[in-house]
1. Choose one answer from VAL101, VAL149, VAL36: the residue with the largest mean-square fluctuation in a GNM of the chain with alpha-carbon springs under 10 Å.
2. Give the percent of DSSP beta bridges with both residues in the range 1-158 that are antiparallel, rounded to the nearest 5.
3. Ignoring ligands, DNA and RNA, what percent of the 1.4 Å accessible area of the chain is carbon and sulfur?
4. Rolling a 1.4 Å sphere over the protein heavy atoms, what is the accessible area per residue of the range 67-174, to the nearest Å²?
5. Given the range 55-174, what count of lysine pairs have C-alpha atoms under 30 Å apart, with each pair 8 or more places apart or on different chains?
6. I want to verify a result. In a Gaussian network model of the chain, Cα cutoff 10 Å, which of these has the top mean-square fluctuation: VAL100, VAL58, VAL11?
7. Of the candidates PHE154, PHE85, PHE12, which one comes out as most mobile in a Gaussian network treatment of the chain with C-alpha springs shorter than 10 Å?
8. About its Cα centre, what dipole magnitude does the chain give when the only charges are +1 on Lys and Arg Cβ and -1 on Asp and Glu Cβ, stated in debye to the nearest 20?
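The values are calculated or read from the model by the stated rules, or taken from the named source; none is laboratory data. Bear in mind that the values here come from a model prediction, so they are computed numbers and not experimental data. Note: ideal-geometry Cβ built from the backbone for every residue, glycine included; neighbour counts use all protein chains shown. Side chains are part of the model used for accessible areas, which takes the heavy atoms of the whole protein and leaves out ligands, DNA and RNA. Shrake-Rupley method; radii C 1.70, N 1.55, O 1.52, S 1.80 Å.
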Amino acid sequence: MDETTIFRVRVFLSWSAKNSASHTVALGLKDWLSKVIQFAAPFLSSDDIQAGERWDDVLGKQLNESDFGILCLTEQCLNSPWMLFEAGALSGAYRNPRRVVPYLLDMEPGKLTPPLGRFNAVVADKDGTYKMLASLNQTPRGQLVDERVLRETFKVFWPEMEGVLVEAKGRLPK
């Protein structure tokens, strides 16, 4: 790869149920991710499929071409057929495996059962979010940004994502 070549990491954000806590987190991540890692190119189906496009073609292409997947999970959507489908498609099975991170809102990784339990999950808190970003930052082509820069940028933008997570928790059933 030429030193001047800039590459982007395509990030697929998976969510379940419009206006849900899962969707709120995905919307927040879409805006936030590219602020923290400028080389990230997030895809969110509710925002990025244009009127008149064949949604299943766009979705299939994005699932196939994404480099990294984030599953915005709550207990309410653990068994969502679309979430399970997208997780399987993102994982690339055994031909072209990609990293898929269950991002858990208000639940612990022990709640995950296969197939989602096969992925190394993180809790949607400060430590878990940084761990997910550090993983996203490591690509087969090398680091997207220097780790020191990532830590500093994360510190600056964390309060924004923390606010999104608080809002999303407010949407969870009591």
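1. VAL149
2. Antiparallel bridges: around 10 percent, rounded to the nearest 5.
3. After summing per-atom areas, the C and S share lands at 51 percent.
4. For the range 67-174, the solvent-accessible area averages 56 Å² per residue.
5. Close lysine pairs under the 30 Å cut-off: 13.
6. In the Gaussian network model the winner is VAL58.
7. PHE85
8. The dipole magnitude comes to about 320 debye.
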